[in-house]
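The values are calculated or read from the model by the stated rules, or taken from the named source; none is laboratory data. All figures in this text were calculated on a predicted structure; none of them were measured in a lab. All Cβ positions, even for glycine, are placed from backbone atoms using ideal geometry, and neighbour counts span all protein chains on display. Protein only, heavy atoms only, side chains kept; ligands, DNA and RNA dropped before computing areas. Shrake-Rupley method; radii C 1.70, N 1.55, O 1.52, S 1.80 Å.
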Amino acid sequence: KTETLDIHAGGRDLIFPHHENEIAQAEALTGKPFAKYWMHHGLLTINGQKMAKSLGNFITIKDFIAKYKDVDILKIFFLSAHYASPVDFTHEKILESKQALERILILLDKVERQGTGCKPPVASKKIKEIDEIRDKFIEAMDDDFNMPQGLATIFELVNLGNKNIDDLDFITSAKNLLFELKDILGLNLTKGISSRALPASINVLIDRRNEARKKGDFKEADRIREELEEKGIILEDTKEGKTTWRRKL
């Protein structure tokens, strides 16, 4: 039997009268504090309006996944705001979350292409930078679960990973920390960008574009690139002259 709760959560709109009634009833019975900590979350709106079936602006998680395909997009959307702040669901903000997720997946894809696997990190000045990012994340969580700041440290990590992509020890450590933080935040990061084999027809187009580039026919190369993008394949030309690909989210 519990007479005092460690944490009581609920919407800000329930502070009065619901939560105050709970306190009055419970403390009158037990003579003890009803809850040690209260976490009141902000309200969710849709395009500035309260979400309600009667307004026709109601969306379920199942509907969201059916439309946007990846639940991590929704998670990043919510992580972008402090739990106590109101959150307004708009297509533009979901697009921003989708682009943010894509930045993370692109880095993971680059790391996999380097063939680093999960080697133990090597101590160095740059590895120290990664440890500092971990400390920043912990500090953000200690600051009343400051999720926006915590999420910002992840993108600081992504930026550093991209800048040091040729340093295998650094990007291996960056990947290890990224997976550590994504587990804390409940992100999956399992939708591979280039993990699935391409259809033969797509490979043919990529080969044709490479041939066009070798011949100096950049107009045709650009046309094929645009055609592939319409099919959901993004090409990236490296400074070494190689062409890599990834799937559009």
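Structure notes:
- Summed over the range 214-247, residues that are over 30 Å from the mean Cα position of the chain (by Cα), at pLDDT 90 or above and in a helix (DSSP H, G or I) total 7.
- In the range 70-82, the residues that are assigned to a helix (DSSP H, G or I) and out of contact with any Lys or Arg (no Cβ under 7 Å at 6 or more places or on another chain): V71, D72, L74, K75, I76, F78, L79
- Number of positions in the range 50-69 that are assigned to a helix (DSSP H, G or I) and exposed (fewer than 13 other Cβ atoms within 10 Å of the Cβ): 8
- Within the range 3-16, the set of residues being within 24 Å of D144 (Cβ to Cβ), more than 27 Å from the chain's Cα centre (by Cα) and open to solvent by 50 Å² or more (accessible area, probe 1.4 Å) comprises L5, D6, D13, L14, I15, F16.
- Qualifying residue in the range 22-39 (condition: in contact (Cβ under 8 Å) with a residue 60 or more places away in the chain and on the phi > 0 side of the Ramachandran plot): no
- The range 149-164: number of residues that are buried (at least 16 other Cβ atoms within 10 Å of the Cβ) and touching a residue at least 40 places away in the same chain (Cβ under 8 Å): 5
- Flag if S85 is surrounded by fewer than 11 Cβ atoms within 10 Å (Cβ to Cβ), hydroxyl-bearing (S, T, Y) and not in a strand (DSSP E or B): no
- Being loosely packed, with under 13 Cβ neighbours inside 10 Å, at pLDDT below 95 and not β-branched (V, I, T) is a condition met by no residue of the range 70-81.
- Just one of the listed residues (I154, I171, I165) is under 22 Å from R103 (Cβ atoms) and part of a loop (DSSP other than H, G, I, E, B), namely I165.
- Qualifying residue in the range 29-49 (condition: among the aliphatic types (A, V, I, L, M), open to solvent by 50 Å² or more (accessible area, probe 1.4 Å) and over 36 Å from the mean Cα position of the chain (by Cα)): yes
- Single condition N146 does not satisfy, out of (1) closer than 22 Å to F77 by Cα; (2) without any contact (Cβ under 8 Å) to a residue 40 or more places away in the chain; (3) among the polar types (S, T, N, Q): (2)
- Residue ID - least open to solvent (accessible area, probe 1.4 Å), chosen from residues in the range 17-28 that are over 30 Å from S80 (Cα atoms) and of a type in the set (D, E): E22
- The single residue among I171, I184 that is open to solvent by 70 Å² or more (accessible area, probe 1.4 Å), among the aliphatic types (A, V, I, L, M) and modelled with pLDDT of 90 or more turns out to be I184.
- Whichever residue in the range 9-37 is closer than 29 Å to N57 by Cβ and part of a strand (DSSP E or B) and, among such residues, is modelled with the lowest pLDDT: G11
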